[in-house]
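To keep things clear, I will list the structure first and then write my remarks on it.
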Amino acid sequence: MNAPAPTIGVLALQGGVVEHERMLRGIGADVLLVRRPEQLAVLDGIVLPGGESSTIDRLLRMFGIAEPLAARIRSGLPTLGTCAGLILLADEVLDPAPGQQTLKVLDITVRRNAFGPQVDSLETTVATDDGPVTAAFIRAPEVVAVGAGVQVIGRHLGRVVAVRSGAVTGISFHPELTGDTTLHRQLIASARRWRVANTADTAEITAVSANAAG
Ligand code: GLN
């Protein structure tokens with residue numbers, strides 16, 4: 001029996017939403033474009049896309065999504081942040097826009113626009129722990145410090161551009177623009193595992209409360 005497709009959200013406030021949507025649908029996910037906090041409850045995973053991190057941050061707070069989203073990611077929701085999405089995950093940002101905040105769900109420090117004009121925009125292959133990934137870099141951030149629980153899973157020019165902590169993966173680049181599905185498949189696999197674990201929990205809670213009631 002085939003398990004039903006996992007539901008993957010793409011945060012759709014600003015930035016490169018449709019490329020992720022298309023890629024996720026192409027590899028068997030149901031996709032929900034997330035613009036309201038109530039939508040978070042049905043997700044098995046989420047993508048935070050690239051765009052302008054300070055704009056996405058402002059909209060997240062304006063629409064009351066920032067706190068529930070951070071709580072959901074902390075509770076284990078499989079998450080892939082790309083470029084601006086990586087910045088949103090970080091505990092700390094160097095060179096922020098005025099007033100810029102983040103979700104603070106990943107113990108890393110990132111520097112915005114870290115590669116400078118020479119790598120303003122570039123396509124290359126990044127060796128990651130999940131395999132080689134064809135990646136586009138566009139005004140990409142660099143991870144300049146990682147906390148104890150965070151693994152470095154990819155580098156470019158010796159600099160850290162991919163990290164993972166539990167079910168949260170953050171990357172400086174855009175695989176959705178090159179058509180490389182490696183990391184999106186990894187997200188879907190993680191979302192399937194998370195859903196099975198959470199469905200089991202729910203079944204157990206239902207059984208326990210049925211026993212208590214009886
Ligand atoms: N430089 C952008 C920022 O700070 C990120 C660029 C991108 O997402 N491609 O948000």
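The values are calculated or read from the model by the stated rules, or taken from the named source; none is laboratory data. This one's a predicted model, so the numbers in the text were calculated from it and none came from an experiment. Please note: Cβ atoms are built from the backbone with ideal geometry, for glycine as well, and neighbour counts cover all protein chains shown.
Quick notes
- Some residue of the range 45-57 being buried (at least 22 other Cβ atoms within 10 Å of the Cβ) and among the charged types (D, E, K, R): yes
- Flag for LEU11 being touching a residue at least 12 places away in the same chain (Cβ under 8 Å), under 16 Å from the mean Cα position of the chain (by Cα), away from the ligand (no atom under 16 Å from the Cβ) and crowded, with 17+ Cβ neighbours inside 10 Å: no
A quick yes/no check of all residues on (1) of a type in the set (Lys, Arg); (2) closer than 18 Å to GLN14 by Cα; (3) touching a Leu at 6+ places or on another chain (Cβ under 6 Å); (4) near the ligand (Cβ under 9 Å from one of its atoms):
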{"site": "GLY85", "(1), (2), (3), (4)": "no, yes, yes, yes"}
{"site": "LEU89", "(1), (2), (3), (4)": "no, yes, yes, no"}
{"site": "GLU92", "(1), (2), (3), (4)": "no, no, no, no"}
{"site": "ASP95", "(1), (2), (3), (4)": "no, no, no, yes"}
{"site": "GLN101", "(1), (2), (3), (4)": "no, yes, no, no"}
{"site": "LEU106", "(1), (2), (3), (4)": "no, no, yes, no"}
{"site": "GLU123", "(1), (2), (3), (4)": "no, no, no, no"}
{"site": "VAL126", "(1), (2), (3), (4)": "no, no, no, no"}
{"site": "GLY131", "(1), (2), (3), (4)": "no, no, no, no"}
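- Taken over the range 142-159, the residue count meeting the criterion of being within 16 Å of the ligand (Cβ to nearest atom), surrounded by 19 or more Cβ atoms within 10 Å (Cβ to Cβ) and modelled with pLDDT of 95 or more is 2.
- Search result, residues across the range 28-53 that are touching a strand residue (DSSP E or B) at 6+ places or on another chain (Cβ under 9 Å), part of a helix (DSSP H, G or I) and either charged (D, E, K, R) or within 15 Å of the ligand (Cβ to nearest atom) (or both): SER53
- Within the range 44-75, the only residue that satisfies the criterion of being of a type in the set (Ser, Thr, Tyr) and free of Cβ contacts under 8 Å to residues at least 12 places away in the same chain is SER75.
- Test: residue in the range 67-78 that is within 19 Å of ASP107 (Cβ to Cβ), touching a Pro at 6+ places or on another chain (Cβ under 9 Å), aliphatic (A, V, I, L, M) and in a helix (DSSP H, G or I): yes
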